[in-house]
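Working notes, structure below.
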Amino acid sequence: MSGVHVTTTVNGDPVEFVCPADESLLDVLRDRLGLTGAKEGCGTGDCGACSITLDGQLVCSCLVLGAEAEGKKITTVEGMADGENLHPLQRQFIDNAALQCGICTPGFLIAAKALLDKNPDPSVEEIRYALAGNLCRCTGYDKIVRAVQAAAKDLQKQNRK
Amino acid sequence: MRYESPTTAKAAVDLLSKEKGKAYVLAGGTDLLVRLRMDMIEPDLMVDIKNIPAMNEIKKTPSGGFKIGAAVSGAKLGANKALKKAWPGVVEATNLIGSDQIQGRCTMVGNLCNASPAADSVPAMIAAGAKANIVGKKRRTVPVEDIVTGPGKTSLAKGELIEAITLPKKAPKSGDAYLRFIPRTEMDIAVVGAAVSLTLKKGVVEKARVALGAVAATPLLVKEAADAIIGTKLDDEALEALGAACSAACKPIDDKRGTVEYRVKVAGVLAQRAAKIAYERAGGK
Ligand SMILES: Cc1cc2nc3c(=O)[nH]c(=O)nc-3n(C[C@H](O)[C@H](O)[C@H](O)COP(=O)(O)OP(=O)(O)OC[C@H]3O[C@@H](n4cnc5c(N)ncnc54)[C@H](O)[C@@H]3O)c2cc1C
Ligand code: FES
Ligand code: FES
């Protein structure tokens with residue numbers, strides 16, 4: 001295959017791949033690297049199911065070319081847990097039943113983490129604005145907002161220790 | 001399709017001008033890659049400008065203004081305190097684009113060159129008197145209002161790209177603001193957008209620029225609207241005249257977001273509200 005050869009870092013691990021120049025980073029992650037956490041809901045930037053961070057910046061991986069990943073640091077939902085220990089956001093999404101079908105969940109987790117990294121104590125309004133780029137057709141959002149609030153408290157406690 | 005990621009503006013110009021097929025500049029990709037995914041374009045070449053260091057910077061110009069590189073994302077723009085203090089309307093307008101995910105990638109220049117009549121940052125840039133620095137065979141600098149020539153069309157020639165946007169030095173006692181109307185609070189395309197930038201002298205508007213979005217085939221600079229408030233203290237009569245001038249300048253379309261009648265009316269109302277915010281920001285009472 002003629003394509004672009006890319007060297008990058010995914011969840012802390014060095015990774016190499018070759019992909020066609022017009023292939024999205026989402027397709028690279030899912031189909032070439034076997035990281036199927038990020039989902040394709042729309043492919044056009046509207047639903048946020050494909051959310052990842054690229055050099056620490058929250059982005060939709062459906063609107064990034066695989067070729068653009070050269071030399072970058074990528075994190076996906078697969079890198080969120082610490083071994084067997086779930087991230088407080090993951091734990092609270094389960095405890096608050098903040099998911100049903102789960103298609104949107106990896107995107108919400110990554111977007112919520114990006115928010116809490118910047119703003120450890122967000123208001124409900126700030127949470128809703130920060131998650132406006134993530135769509136969920138199952139939960140009605142309230143449980144997701146509550147899970148993020150609870151995780152924010154957990155993280156604050158953790159950081160005080 | 002080929003993907004190239006040059007590290008200088010000159011290399012980008014060379015790539016674009018030598019390509020025989022369809023070549024596109026790739027900034028944040030939040031318009032271009034959507035069009036690629038939807039099979040609306042078949043590029044032979046994409047030239048990513050994000051690895052050109054100068055295009056990633058926000059710099060103070062020698063004359064006290066700002067030079068914003070074409071690859072600077074909305075998120076990076078919003079994090080620049082000095083810029084936000086000087087030109088809050090421009091920064092707020094750019095930060096209205098899309099979600100946090102989109103903000104991580106979208107650029108003002110991409111918003112401009114995509115040439116949508118409803119682009120949020122464009123009226124704010126026009127009101128602020130922003131200029132586009134173009135590189136190509138020669139360098140040239142043009143006012144932002146001269147870039148968009150119609151929906152999806154710009155005045156850039158083949159091989160030309162915008163390197164940066166420059167904003168003038170903020171005058172003492174000046175302020176700017178941008179407001180858009182959308183049916184929801186986030187993630188929608190403007191039904192109408194209105195931007196006002198003005199400078200006061202002893203509480204009287206000395207200079208003003210008023211620009212509208214989503215009410216014609218291109219964003220509009222409305223001189224009559226500026227004239228309506230220059231020389232006034234933005235009293236009710238001046239606001240009335242401003243609204244009327246804005247409504248008169250509209251040549252909108254009917255679509256699912258709003259009718260012609262609605263857009264014409266809302267353009268006047270939004271311009272009045274934006275003018276009041278700009279006036280307050282300029283220190284007027
Ligand atoms: C979910 C979603 C929500 C959105 N919401 C909004 C919104 O609320 N308001 C709004 O106005 N827009 C919105 N947009 C549209 C888009 O995000 C903006 O227009 C954005 O500013 C485009 O910038 P970009 O850097 O991503 O452009 P790109 O997609 O990289 O480029 C856009 C066009 O400009 C050209 N171009 C880019 N840079 C240059 C340059 N330096 N010189 C010459 N040509 C260049 C490209 O070739 C392309 O034709 C939204 C898009 C999505 C997907
Ligand atoms: S799949 Fe990327 S935003 Fe929907
Ligand atoms: S849980 Fe089904 S879309 Fe969110």
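A short reminder: the numbers here are calculations on the coordinates, not readings from a lab. Just so it is clear, the model here is predicted, and its values are computed rather than measured. In this analysis, Cβ positions are derived from the backbone assuming ideal geometry, glycine residues included, and neighbour counts consider all displayed protein chains.
Inside the stretch A:44-60, residues that are within 16 Å of ligand 3 (Cβ to nearest atom) and outside any strand (DSSP E or B) make up a count of 5. Scanning the stretch A:108-153 for residues that are within 17 Å of A:Cys50 (Cα to Cα) and small (Gly, Ala, Ser) gives A:Ala111, A:Ala112, A:Ala114, A:Ala130, A:Ala132, A:Gly133.
Residues being away from ligand 2 (no atom under 16 Å from the Cβ) and under 19 Å from A:Gly56 (Cα atoms): count how many of those fall in the stretch A:96-114. Can you show your working first?
As a first pass, look at the stretch A:96-114 and keep what is away from ligand 2 (no atom under 16 Å from the Cβ): A:96-100, A:113.
Subset that is under 19 Å from A:Gly56 (Cα atoms): A:113.
The number of residues fulfilling the criteria is 1.
Tallying residues that are within 11 Å of ligand 3 (Cβ to nearest atom) and within 25 Å of B:Ile102 (Cα to Cα) within the stretch A:81-100 yields 3. What number of residues within the stretch A:101-150 satisfy the criterion of being surrounded by 14 or more Cβ atoms within 10 Å (Cβ to Cβ), charged (D, E, K, R) and within 14 Å of ligand 3 (Cβ to nearest atom)? The total comes to 1.
Filtering the stretch B:97-112 down to residues that are among the hydrophobic types (A, V, I, L, M, F, W, C) and in contact with a Ser or Thr (Cβ under 8 Å, 6 or more places away or on another chain), which residue is farthest from the other protein chains (Cβ to nearest Cβ)?
Among them, the one singled out is B:Leu112.
Just to be sure, is B:Glu280 part of a helix (DSSP H, G or I), more than 23 Å from B:Ile147 (Cα to Cα) and free of Cβ contacts under 8 Å to residues at least 12 places away in the same chain? No; evaluated as a whole, the condition is false for this residue.
Being on the phi > 0 side of the Ramachandran plot and over 17 Å from the mean Cα position of the chain (by Cα) narrows it down to one of B:Lys158, B:Lys202, B:Lys207, so name that one. None of the other options fit; the residue is B:Lys202.
Can you name every one of the helices (runs of 4 or more DSSP H) wholly within the stretch B:1-86 that holds 3 or more residues which are more than 19 Å from the chain's Cα centre (by Cα), more than 14 Å from chain A (Cβ to nearest Cβ) and closer than 22 Å to B:Thr166 by Cβ? Give the derivation first.
On the way: elements: B:9-18, B:32-37, B:74-78, B:81-86.
Answer list for the stretch B:1-86: B:9-18.
Restricting attention to the stretch A:115-140, the residues being part of a loop (DSSP other than H, G, I, E, B), over 16 Å from the mean Cα position of the chain (by Cα) and within 19 Å of A:Cys60 (Cβ to Cβ) number 1.
Go through the stretch A:96-114 and report how many residues are in a helix (DSSP H, G or I) and more than 14 Å from chain B (Cβ to nearest Cβ). It would help to see each step written out before you state the result.
Taking the stretch A:96-114 as the starting set, the residues that turn out to be in a helix (DSSP H, G or I) are A:105-114.
After this cut, where a residue has to be more than 14 Å from chain B (Cβ to nearest Cβ) as well, the list is A:105.
Final tally of qualifying residues: 1.
Looking at the stretch A:1-42 only, could you name the residues that are part of a loop (DSSP other than H, G, I, E, B) and more than 14 Å from chain B (Cβ to nearest Cβ)? Steps first, answer last, please.
Start the filter on the stretch A:1-42 by keeping residues that are part of a loop (DSSP other than H, G, I, E, B), which leaves A:1-3, A:11-12, A:20-23, A:33-42.
The answer is A:Asn11, A:Gly12, A:Leu33, A:Gly34, A:Leu35, A:Thr36, A:Gly37.
Restricted to the stretch B:29-76, and to residues there that are farther than 20 Å from B:Gly104 by Cα and β-branched (Val, Ile, Thr), the residue that is farthest from ligand 1 (Cβ to nearest atom) is B:Thr61.
Condition check ((1) among the basic types (Lys, Arg); (2) crowded, with 18+ Cβ neighbours inside 10 Å; (3) farther than 22 Å from B:Lys76 by Cα) across all residues:
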position: B:Pro6; (1), (2), (3): no, no, no
position: B:Leu15; (1), (2), (3): no, yes, yes
position: B:Thr30; (1), (2), (3): no, yes, no
position: B:Arg35; (1), (2), (3): yes, no, yes
position: B:Ile41; (1), (2), (3): no, no, yes
position: B:Asp44; (1), (2), (3): no, no, yes
position: B:Asp48; (1), (2), (3): no, yes, no
position: B:Thr61; (1), (2), (3): no, no, no
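I'm trying to understand the selection: among the residues of the stretch B:116-134, which are small (Gly, Ala, Ser) and near ligand 1 (Cβ under 8 Å from one of its atoms)?
Those that are small (Gly, Ala, Ser) and near ligand 1 (Cβ under 8 Å from one of its atoms): B:Ser116, B:Ala118, B:Ala119, B:Ser121.
In summary, A:Gly71 fulfils each of the numbered conditions (1) in contact with a helix residue (DSSP H, G or I) (Cβ under 8 Å, 6 or more places away or on another chain); (2) away from ligand 3 (no atom under 16 Å from the Cβ); (3) not charged (D, E, K, R) with the single exception of condition (1).
In the set A:Gly71, A:Gly12, which member is more than 16 Å from ligand 1 (Cβ to nearest atom), closer than 25 Å to B:Tyr24 by Cα, in contact (Cβ under 8 Å) with a residue 60 or more places away in the chain and not aromatic (Phe, Trp, Tyr)? Step through it out loud before you land on a result.
On the way: A:Gly12 fails: closer than 25 Å to B:Tyr24 by Cα.
Only one candidate passes the filter, namely A:Gly71.
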